[in-house]
Amino acid sequence: MLDLKLVSYKLKGKPGPLRIGIVVNENVIDIQEAYRKYLEMERKQDLADHVQYVLPSDPATFLSIGFDAVTKARKAMDAIENEELDNISFNRETVTLSAPNPSPSKIICIGKNYLDHAMEMGGEVPDYPMLFAKFTNSIIGPEDNIEKPNVTEKLDYEVELAVVIGKEASNVSEAKALNHVAGYTLANDTSARDLQKRTSQFLQGKTLDNSTPIGPWIVTPDEIGDPSNLSIRSLVNGEERQSSNTSKLIFNIPYLISFISKLITLNPGDIILSGTPDGVGAGMSPPQFLKDGDTVTLEIEKIGIMENKVIEK
């Protein structure tokens, strides 16, 4: 059975919308076209001729369907594993990756969710998860540049495990929370610390345009196993800044999904950013914030690596 690493992609130099794909080795395979091929192999030509109504190519729409779409993708990939994939498989060098879900209905973030990070930021350990939001204007892809606007001089990095919802979650228990997860990915919850601290609300420092890389792909839960035991780290210009493990989350992933779902219905495609460990620029002595030309590298065990350059807007 092939691993499922879901990506949002488009061919370089060619017009057209983003499409949902799967990374296999050094190639990106188009999911909709793979499913068309599977239907043809199953002699279901009528469905193959209208595959756009059976399995959408748009990444946001695909993910909004949730588990049913992922199940179809896996079925297709398993069926065509040994088939010729001309015209539906593209070398990674010929495609550009976007955020796996470039337009989720909700992006819910958790503040101060690692004990050491809460301490380095000079705050008390929260009794309840600290929730705030980002909007889609902030999302960029795994190969895009992080834009630093001149409104901030204290742009910071935050490596985070991001959870992508695959099934509607409303008032779910912790025991069943992970049954609602489509997969996991990387996120850099960049934060303009000077703007963040101007008021008691974090929002203005957390959702600047083109500031939050997510990717490079969504890895399905069967490939991850326990999300509460993954090494996580960040580097700036090759220097390690953060190094921890998701076992150190104050509120783990099942708790967060359950907690949020009792306040807000989570829909397929929604993203939860679970918090960042210690080692952020604001916590260093002296503080070290991002500047034009810096390269930020994030890594989470079993997911992979994402690297973005910072540019002045």
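Candidates in the range 107-149 are the residues that are in contact with a Lys or Arg (Cβ under 7 Å, 6 or more places away or on another chain) and in a loop (DSSP other than H, G, I, E, B); of these, the one that is most open to solvent (accessible area, probe 1.4 Å) is Asn145.
Of all residues in the range 212-239, those that are within 23 Å of Ser98 (Cα to Cα) and touching a strand residue (DSSP E or B) at 6+ places or on another chain (Cβ under 6 Å) total 17. In the set Leu290, Leu263, only one residue is in a loop (DSSP other than H, G, I, E, B), out of contact with any Lys or Arg (no Cβ under 9 Å at 6 or more places or on another chain) and at pLDDT 95 or above; that residue is Leu263. Residue check: Arg74 meets all listed conditions (1) free of Cβ contacts under 8 Å to residues at least 60 places away in the same chain; (2) outside any loop (DSSP other than H, G, I, E, B); (3) not hydrophobic (A, V, I, L, M, F, W, C) but one, namely (1).
Just to be sure before I move on: is Ile80 touching an Asp or Glu at 6+ places or on another chain (Cβ under 6 Å), over 20 Å from Pro213 (Cα atoms) and buried (at least 18 other Cβ atoms within 10 Å of the Cβ) in the structure I sent? So Ile80 does not fit the description; no.
Within the range 302-313, the residues that satisfy the criterion of being more than 14 Å from the chain's Cα centre (by Cα) and either of a type in the set (Lys, Arg) or not in a strand (DSSP E or B) (or both) are Lys309, Lys313. The combined condition, being without any contact (Cβ under 8 Å) to a residue 24 or more places away in the chain and over 19 Å from Gly283 (Cβ atoms), is fulfilled by Asn229. Under the condition of being in contact with a Pro (Cβ under 8 Å, 6 or more places away or on another chain), hydrophobic (A, V, I, L, M, F, W, C) and part of a helix (DSSP H, G or I), which residue from the range 231-260 is surrounded by the most Cβ atoms within 10 Å (Cβ to Cβ)? That would be Leu256. If you check Leu11, Leu39, Leu63, Leu6, which single one turns out to be under 16 Å from Ser89 (Cβ atoms) and crowded, with 17+ Cβ neighbours inside 10 Å? One residue alone meets the criteria, Leu6.
The values are calculated or read from the model by the stated rules, or taken from the named source; none is laboratory data. Everything numeric here is computed off the predicted structure, so don't read it as measured data. With ideal geometry, Cβ positions are generated from the backbone for all residues, glycine too; neighbour counts draw on all protein chains shown. Note: areas computed on protein heavy atoms with side chains; ligands, DNA, RNA excluded. Shrake-Rupley method; radii C 1.70, N 1.55, O 1.52, S 1.80 Å.
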